[in-house]
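Chemist: Quick one: the structure is below, and I'll ask about it shortly.
The values are calculated or read from the model by the stated rules, or taken from the named source; none is laboratory data. Computed from a prediction, not measured in an experiment: that's the story for all the values here. Backbone-built Cβ (ideal geometry, glycine too); neighbour counts: all protein chains shown. Side chains included, ligands, DNA and RNA excluded: accessible areas come from the protein's heavy atoms. Shrake-Rupley method; radii C 1.70, N 1.55, O 1.52, S 1.80 Å.
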Amino acid sequence: MSLRNMTLYSIFVRNFGGTFSGVQRELPRLKELGVDMIWLLPIHPIGTEKRKGSLGSPYAISDYRAVNPEFGTLSDFIALCDAVHQSGMKIMIDVVYHHTSPDSVLVREHPEYYYRKPDGSFGNHVGDWTDIIDLDFDVPELWDELIDTLCYWAQYVDGFRCDVAPLVPLAFWKEARKRVAAIRPDCIWLAESVEHGFIRYNRDQGLVALSDSELYQAFDICYDYDIYSDFVAYTEGKISLKEYLAALERQEAIYPADYVKLRFTENHDRVRSAFLFPNPVVRENWFAWTFFQKGMPLLYSGQEWAPVRCPTLFDPDPVLRNGAPMHETLLKKLIAIKKDALFSDGVYAFEAAPHDTIVSSWTLPNRKAVGVFSMKGQPSVVHVPFEDGYYRNVLDGSHVSVDYGMVSCSGKPMILIVG
């Protein structure tokens with residue numbers, strides 16, 4: 001299965017299951033949903049010095065080679081990995097190699113691995129990251145330490161999501177990928193690529209800040225933060241739908257032909273979809289558009305329940321689940337549709353139609369899928385690249401008539417597949 005056909009589900013253990021065993025109990029439901037791969041936010045012990053909140057950020061790691069005792073034991077983690085694999089899914093863990101907590105094991109054992117400020121003290125380059133200190137990639141021995149750690153975890157997991165990957169030298173990631181391949185040849189590499197403004201900010205300080213184009217030399221998947229500001233600007237009414245889609249279209253020309261973007265409407269660093277789109281019909285259209293796009297869709301921890309508040313990472317804050325997951329049926333269908341090779345091998349196109357509607361298509365010889373998405377949940381009549389006739393909306397089973405090359409949309413998402 002191509003990465004473009006897979007769905008990734010992100011979990012912070014503390015807030016979703018509470019322990020490795022608790023996450024393991026969630027696996028049957030996630031498998032039933034159709035999830036292909038689970039990404040666990042950092043699983044390692046958290047530093048105590050300068051920690052944020054009562055329990056600290058999982059991105060302020062004190063020991064790369066251990067698991068957070070709050071979540072269970074190493075044996076519990078291995079059992080979770082085994083259970084994921086037995087269910088036919090894959091598992092990915094977070095890698096945080098730009099920085100550690102100030103009281104990391106490495107600080108005690110190898111203080112030479114760290115960046116020093118002009119006064120000789122430890123520090124970091126990003127001011128609001130007050131609970132961490134930066135590593136120094138000019139030290140060759142640090143590379144061996146970190147890559148050896150990756151090789152250790154590659155015994156158990158299928159991939160790595162690499163935190164702020166652009167702030168780490170490209171040569172390091174290339175070497176890491178090569179050496180991990182000896183342990184896990186099909187390891188999946190996901191880069192948390194960053195917004196243009198953050199790249200520019202770091203480059204202006206003379207720091208490493210990799211573009212997505214550079215990251216694709218070492219990574220399989222990059223975030224779509226390169227167009228996230230356009231996404232937000234459109235949702236806030238600052239730019240038109242046509243301008244938002246123009247930003248997406250640029251990706252087709254500036255990245256490798258086989259590029260894979262992580263597509264999402266929310267993650268642990270951004271507001272929840274239900275907060276951004278309080279209208280459920282609008283939200284359903286954005287979900288459907290996320291899955292229809294070229295790339296790997298991401299679901300974040302309980303997104304199917306449509307929680308409004310994004311849980312904090314620094315204190316106990318379990319994901320709220322009120323009754324049955326309101327978007328479960330739709331997401332099951334979207335995940336199942338996404339597995340069709342049409343959405344990885346076909347020719348992809350999209351355009352802005354009237355009434356803030358997106359018309360998109362995937363085409364193979366003798367097969368075609370067309371998606372119609374009303375980004376404001378409004379009824380409209382739009383042109384579609386289908387011959388006149390009767391079709392079925394695979395999302396809800398309703399019959400759709402194409403007349404004179406047009407369809408009448410109720411405002412709910414529509415996907416038509418022929419062949």
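Chemist: Scan region 384-407 residue by residue and report those that are under 33 Å from the mean Cα position of the chain (by Cα) and of a type in the set (Gly, Ala, Ser).
Modeler: Answer for region 384-407, where residues must be under 33 Å from the mean Cα position of the chain (by Cα) and of a type in the set (Gly, Ala, Ser): Gly397, Ser398.
Chemist: Now a separate question. Within region 391-414, can one find any residue that is assigned to a loop (DSSP other than H, G, I, E, B), among the β-branched types (Val, Ile, Thr) and open to solvent by 20 Å² or more (accessible area, probe 1.4 Å)?
Modeler: yes
Chemist: I need the full set of residues from region 268-281 which are crowded, with 20+ Cβ neighbours inside 10 Å and either out of contact with any strand residue (DSSP E or B) (no Cβ under 9 Å at 6 or more places or on another chain) or touching a residue at least 60 places away in the same chain (Cβ under 8 Å) (or both), in order please.
Modeler: Let us first name the residues in region 268-281 that are crowded, with 20+ Cβ neighbours inside 10 Å, namely 272-274, 277.
Residues satisfying the conditions are Ala274, Phe277.
Chemist: Still on this structure, I have one more. State the number of residues belonging to region 160-200 that are surrounded by fewer than 20 Cβ atoms within 10 Å (Cβ to Cβ), among the aromatic types (Phe, Trp, Tyr) and either under 21 Å from the mean Cα position of the chain (by Cα) or closer than 24 Å to Ala247 by Cα (or both).
Modeler: Of the residues in region 160-200, 1 are surrounded by fewer than 20 Cβ atoms within 10 Å (Cβ to Cβ), among the aromatic types (Phe, Trp, Tyr) and either under 21 Å from the mean Cα position of the chain (by Cα) or closer than 24 Å to Ala247 by Cα (or both).
Chemist: I've got another one for you. Cβ contacts < 8 Å: first residue without any contact (Cβ under 8 Å) to a residue 24 or more places away in the chain, restricted to region 379-392; second residue in a strand (DSSP E or B) and surrounded by 14 or more Cβ atoms within 10 Å (Cβ to Cβ), any location; separation 6+ or different chain. Result?
Modeler: Going by the 8 Å Cβ cut-off, the qualifying pairs are Glu387/Val402; Asp388/Val402; Gly389/Val402; Tyr390/Val400; Tyr390/Val402.
Chemist: I need the full set of residues from region 328-376 which are surrounded by fewer than 16 Cβ atoms within 10 Å (Cβ to Cβ), over 21 Å from Val402 (Cα atoms) and small (Gly, Ala, Ser), in order please.
Modeler: Residues satisfying the conditions are Ala336, Ala341.
Chemist: Could I ask something else about it? Quick one: in region 201-231, of everything that is among the aliphatic types (A, V, I, L, M) and open to solvent by 40 Å² or more (accessible area, probe 1.4 Å), which residue is nearest to Gln293 (Cα to Cα)?
Modeler: Quick first cut of region 201-231, residues among the aliphatic types (A, V, I, L, M) only: 207-210, 215, 218, 221, 227.
Still in the list and also open to solvent by 40 Å² or more (accessible area, probe 1.4 Å): 207-208.
Working: Leu207: 33, Val208: 30 Å.
Looking at residues that are among the aliphatic types (A, V, I, L, M) and open to solvent by 40 Å² or more (accessible area, probe 1.4 Å), I get Val208.
Chemist: Name the pairs whose Cβ atoms lie under 8 Å apart, with the first residue in region 320-338 and in contact (Cβ under 8 Å) with a residue 12 or more places away in the chain, the second open to solvent by 60 Å² or more (accessible area, probe 1.4 Å) and in a helix (DSSP H, G or I), and 6 or more positions between them or separate chains?
Modeler: Pairs found: Lys332/Glu32.
Chemist: Could you say whether any residue in region 109-125 is part of a helix (DSSP H, G or I), surrounded by fewer than 21 Cβ atoms within 10 Å (Cβ to Cβ) and under 22 Å from the mean Cα position of the chain (by Cα)?
Modeler: No - not one qualifying residue is present in region 109-125.
Chemist: Which of the residues spanning region 15-38 are touching a Pro at 6+ places or on another chain (Cβ under 8 Å) and either open to solvent by 20 Å² or more (accessible area, probe 1.4 Å) or closer than 16 Å to Val157 by Cα (or both)?
Modeler: The initial filter retains those residues of region 15-38 that are touching a Pro at 6+ places or on another chain (Cβ under 8 Å), namely 15-16, 18.
Once the filter is applied, which keeps residues that are touching a Pro at 6+ places or on another chain (Cβ under 8 Å) and either open to solvent by 20 Å² or more (accessible area, probe 1.4 Å) or closer than 16 Å to Val157 by Cα (or both), region 15-38 yields only Gly18.
Chemist: While we're on this one: What pairs can you find where one residue is in region 88-99 and of a type in the set (Val, Ile, Thr), the other is open to solvent by 10 Å² or more (accessible area, probe 1.4 Å) and part of a loop (DSSP other than H, G, I, E, B), and their Cβ atoms are less than 7 Å apart, with a gap of 6+ or different chains?
Modeler: Matching pairs, first to second residue: Ile91/Asp158; Val95/Asp163; Val96/Tyr59; Val96/Asp163.
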